[in-house]
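See below for the structure under consideration.
The values are calculated or read from the model by the stated rules, or taken from the named source; none is laboratory data. Quantities reported herein were computed from a predicted structural model and do not represent experimental measurements. Heads up, the Cβs are rebuilt from the backbone with ideal geometry, glycines too, and the neighbour counts pull from every protein chain shown.
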């Protein structure tokens with residue numbers, strides 16, 4: 001993994017992997033975030049754009065984060081940030097919110113780490129320097145000037161991200177892996193799927209009436225009778241499924257299937273075909289390849305454990321943010337554009 005990619009993972013993982021929100025609940029955001037009136041409408045590198053627990057965050061502090069965000073998505077072109085979304089905001093507006101979130105989260109987590117005496121080791125500090133040097137060596141002079149990139153600034157960013165990751169692992173270190181294989185067992189399933197609500201394999205939106213659903217149930221039952229005569233299930237699935245997907249893993253935590261479909265899948269033994277079953281969005285005929293795919297089960301166990309850890313960390317973060325004081329310079333953020 002390149003240092004550039006590693007940096008993006010460090011920065012963005014705080015926001016996306018941990019699943020945090022910078023200002024906690026909406027109530028916290030509305031009660032704690034306010035406008036600083038100290039700044040004029042003319043901004044420079046030293047302009048204060050936000051306060052976090054009394055720490056002044058200046059424009060040149062966020063410009064480096066802006067650079068990494070822009071650099072990460074530069075292959076999409078400059079027009080990306082002006083692309084309008086369904087809610088009326090642009091991708092640039094969303095990116096601006098992400099910057100606020102990332103910086104606020106990092107500062108709050110680092111402040112708590114400082115209270116707990118969590119610091120980088122000598123080796124980690126050296127790694128910070130090496131990564132900073134690597135970024136500078138691969139950044140044009142134009143970008144260095146435009147985004148106020150320097151060794152001290154980059155080292156601070158890497159340091160804060162690495163401490164945040166250490167803080168995460170410190171919080172979740174005692175989370176036990178008490179998840180049984182049976183709880184996360186993944187059955188390898190082929191299936192024929194009839195759409196009730198959703199998009200079919202051609203991308204057409206389907207929304208059936210109850211009478212139409214009953215017709216589909218009857219079609220599924222007829223097809224089930226044919227399949228049980230011993231013909232190739234996968235061939236039937238490819239030729240008759242109304243969805244482009246006709247095989248996968250199903251387990252207790254599968255999000256793409258309803259409870260009744262999951263229960264049916266988990267009851268099957270290898271080589272068995274289910275009765276017609278359905279959830280709110282589709283009607284299924286299931287065929288069991290493996291009742292317990294060990295590799296998929298292990299991956300699911302790790303995924304569920306990570307979710308458990310993230311939940312623990314998010315709960316802890318909510319405690320920290322309750323005591324945090326965050327103020328935004330609204331004049332600045334209203335004018336600021338990601339570019």
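Report the residue count in the stretch 47-82 for those that are within 19 Å of residue 93 (Cβ to Cβ), exposed (fewer than 15 other Cβ atoms within 10 Å of the Cβ) and touching a residue at least 60 places away in the same chain (Cβ under 8 Å).
Total meeting the criteria: 1.
Just the residues that are touching a helix residue (DSSP H, G or I) at 6+ places or on another chain (Cβ under 6 Å) and surrounded by 14 or more Cβ atoms within 10 Å (Cβ to Cβ), please, taken from the stretch 163-185.
163, 164, 167, 168, 171, 172, 175, 179, 184, 185
Considering only the stretch 114-131, state which residues are at pLDDT 90 or above and buried (at least 18 other Cβ atoms within 10 Å of the Cβ).
The answer is 128, and nothing else.
Would you confirm whether any residue within the stretch 186-198 is surrounded by fewer than 19 Cβ atoms within 10 Å (Cβ to Cβ), in contact with a strand residue (DSSP E or B) (Cβ under 7 Å, 6 or more places away or on another chain) and modelled with pLDDT of 90 or more?
First pass over the stretch 186-198, keeping only residues surrounded by fewer than 19 Cβ atoms within 10 Å (Cβ to Cβ): 197-198.
Add one more test, that the residue is in contact with a strand residue (DSSP E or B) (Cβ under 7 Å, 6 or more places away or on another chain), and what stays is 197-198.
Now restrict to residues that are modelled with pLDDT of 90 or more: 197-198.
Yes, there is a match, as at least one residue in the stretch 186-198 is surrounded by fewer than 19 Cβ atoms within 10 Å (Cβ to Cβ), in contact with a strand residue (DSSP E or B) (Cβ under 7 Å, 6 or more places away or on another chain) and modelled with pLDDT of 90 or more.
Look at the stretch 133-143 and say how many of its residues are surrounded by fewer than 15 Cβ atoms within 10 Å (Cβ to Cβ) and either assigned to a helix (DSSP H, G or I) or not assigned by TED's automatic domain parsing to the domain that holds residue 310 (or both).
Restricting attention to the stretch 133-143, the residues satisfying the condition of being surrounded by fewer than 15 Cβ atoms within 10 Å (Cβ to Cβ) are 133, 136-138, 140-143.
With the extra rule that they be either assigned to a helix (DSSP H, G or I) or not assigned by TED's automatic domain parsing to the domain that holds residue 310 (or both), the set shrinks to 133, 136-137, 141-143.
Result for the stretch 133-143: 6.
Could you please let me know if residue 105 is surrounded by fewer than 20 Cβ atoms within 10 Å (Cβ to Cβ) and assigned by TED's automatic domain parsing to the domain that holds residue 66?
It is false that residue 105 is surrounded by fewer than 20 Cβ atoms within 10 Å (Cβ to Cβ) and assigned by TED's automatic domain parsing to the domain that holds residue 66.
Assigned by TED's automatic domain parsing to the domain that holds residue 198, in contact (Cβ under 8 Å) with a residue 60 or more places away in the chain and either more than 23 Å from residue 259 (Cα to Cα) or under 26 Å from the mean Cα position of the chain (by Cα) (or both): is that true of residue 310 in this structure?
When the stated conditions are applied, residue 310 does not pass them.
Being surrounded by 14 or more Cβ atoms within 10 Å (Cβ to Cβ), in contact with a helix residue (DSSP H, G or I) (Cβ under 7 Å, 6 or more places away or on another chain), over 30 Å from residue 111 (Cβ atoms) and in the same structural domain as residue 245 (by TED's automatic domain parsing) is the requirement here; does residue 216 meet it?
Taking the combined requirement at face value, the residue does not satisfy it.
Take the residues in the stretch 151-175 that are more than 23 Å from the chain's Cα centre (by Cα) and free of Cβ contacts under 8 Å to residues at least 12 places away in the same chain; name whichever of them is farthest from residue 338 (Cα to Cα).
Among them, the one singled out is 174.
Just name the residue that is surrounded by the most Cβ atoms within 10 Å (Cβ to Cβ) out of those in the stretch 236-291 that are out of contact with any strand residue (DSSP E or B) (no Cβ under 8 Å at 6 or more places or on another chain) and in contact (Cβ under 8 Å) with a residue 60 or more places away in the chain.
So, considering only residues that are out of contact with any strand residue (DSSP E or B) (no Cβ under 8 Å at 6 or more places or on another chain) and in contact (Cβ under 8 Å) with a residue 60 or more places away in the chain, the one surrounded by the most Cβ atoms within 10 Å (Cβ to Cβ) is 252.
Residue 65 passes all but one of (1) within 22 Å of residue 321 (Cα to Cα); (2) at pLDDT below 85; (3) in a helix (DSSP H, G or I); which number fails?
(2)
Scan the stretch 177-235 for residues that are over 37 Å from the mean Cα position of the chain (by Cα) and assigned to a loop (DSSP other than H, G, I, E, B) and report the count.
Counting residues in the stretch 177-235 that are over 37 Å from the mean Cα position of the chain (by Cα) and assigned to a loop (DSSP other than H, G, I, E, B) gives 5.
Check 325, 300 and return the single one that is surrounded by fewer than 17 Cβ atoms within 10 Å (Cβ to Cβ) and either touching a strand residue (DSSP E or B) at 6+ places or on another chain (Cβ under 8 Å) or under 30 Å from residue 147 (Cα atoms) (or both).
Matching residue, one of 325, 300: 325.
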